[in-house]
Amino acid sequence: MINKIWVAMLVIGIVFAAFNGTMAEVNEAIFAGAKDAVAICIGLISILVFWLGLMRIAQVAGMLRGLAKIMKPIATKLFPEVPPNHPAMGYILSNMTANLFGLGNAATPMGIKAMEQLKELNGGADSASRSMITLLAINTASITLIPTTVISIRMSYGSVSPTEIVGTTLLATTCSTLGAILIDRYFYYRRVRGGRV
């Protein structure tokens, strides 16, 4: 569906530019955007590699395992129908830990694996289970301690103080996560009361 939306936007933009006689500007914007995208990607690689390296050190040192143990009681309450020692719980905890450190790219594969395991727990049904909905809400709103990707983008654009957003990000993501959990629980209990579990 998203691919169709992107194609429709592209076609509409090109047709609109052709009718308005602004194709030269569109071509210029395409090539300038492509050049900027490559420059940003190369600039981000070094910073992301640094943070991923720190994450790897933390993993080898057992810090991530320790953090996962701390988060496990919270996760078992958020996902009561997932057995504590099921592989899905491991992937959920890994996803939450990666998001906590602002590593969305590292969190995505874990989230996909968690969804696959949750689908198996749901009997392979095509409809989303309670746990799948909860994971999606938490993954989208996720509390972030260190917004590494945003910091790296700010650094690549020459920000004077790229890390000044840490406190604001923590506050905003805490509010968004609490909001996501409350809304998730509200609609779940509403469905239960309505007899549609």
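The values are calculated or read from the model by the stated rules, or taken from the named source; none is laboratory data. Since the structure is predicted, the reported quantities are computational estimates derived from the model, not experimental observations. Quick reminder, even Gly has a Cβ in these numbers, built from the backbone with ideal geometry, and neighbours come from all protein chains shown. Please note that ligands, DNA and RNA were not included when accessible areas were found on the heavy atoms of the full protein model with its side chains. Shrake-Rupley method; radii C 1.70, N 1.55, O 1.52, S 1.80 Å.
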Directionally averaged shadow of the chain, computed from the convex hull of its alpha-carbon atoms, nm²:
15.1
So which residue, out of 27, 85, 122, gets the largest mean-square fluctuation from a GNM of the chain using Cα contacts under 10 Å as springs?
27
From the backbone phi of the stretch 146-158, what are the Karplus-calculated ³J(HN,Hα) couplings (6.51 cos²θ - 1.76 cosθ + 1.60, θ = phi - 60°) in whole Hz, Gly and Pro given as x?
10, x, 4, 5, 5, 4, 5, 5, 4, 5, 5, 9, x
Placing +1 on the Cβ of each Lys and Arg and -1 on the Cβ of each Asp and Glu in the stretch 1-96, which of 7, 33, 79 has its Cα farthest towards the positive end of the resulting dipole?
79
Can you run phi through the Karplus equation (6.51, -1.76, 1.60; θ = phi - 60°) for the stretch 27-35 and list ³J(HN,Hα) in whole Hz, with x for Gly and Pro?
4, 5, 5, 4, 6, 5, x, 5, 5
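Please report the relative contact order for the chain, taking Cα pairs under 8 Å with a sequence separation of at least 6, and give it as a percent rounded to a whole number. Write down the numbers at each step before the final one.
Numbers: 149 pairs, mean separation 33.4, N = 197.
Relative contact order, the chain: 17 percent.
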What nm distance separates the two modelled labels at residue 11 and residue 181, each placed 7 Å from Cα along Cα→Cβ?
4.5
Hey, with R₀ at 25 Å, roughly what FRET efficiency would residue 72 and residue 125 work out to, going by the Cβ-Cβ distance, to 0.05?
0.40
Please list 138, 2, 146 in order of solvent-accessible area, largest first, computed with a 1.4 Å probe with all protein chains present.
2, 146, 138
Can you show me the helix-derived [θ] at 222 nm for the chain, built from DSSP H runs with n ≥ 4 at -39,500 (n - 2.57) apiece and divided by the number of residues, rounded to the nearest 500.
-27000 deg cm²/dmol
Residue 190-residue 164 FRET efficiency (beta carbon distance; Förster radius 45 Å; 0.05 resolution)
0.65
Euclidean distance between Cα centres, the stretch 151-180 to the stretch 86-143, Å
23
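What number does the stretch 133-197 give for Rg over Rh if you use C-alpha atoms and the Kirkwood radius?
Taking Rh as the inverse mean 1/r over Cα pairs, Rg/Rh reads 1.22.
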Gyration tensor (Cα only) of the stretch 22-125 to equivalent ellipsoid, semi-axes in Å sorted down, yields 37, 21, 9
Relative to the longest principal axis of the C-alpha atoms of the chain, give the angle of the C-alpha long axis of helix 63-78, reported between 0 and 90° and rounded to the nearest 10°.
70
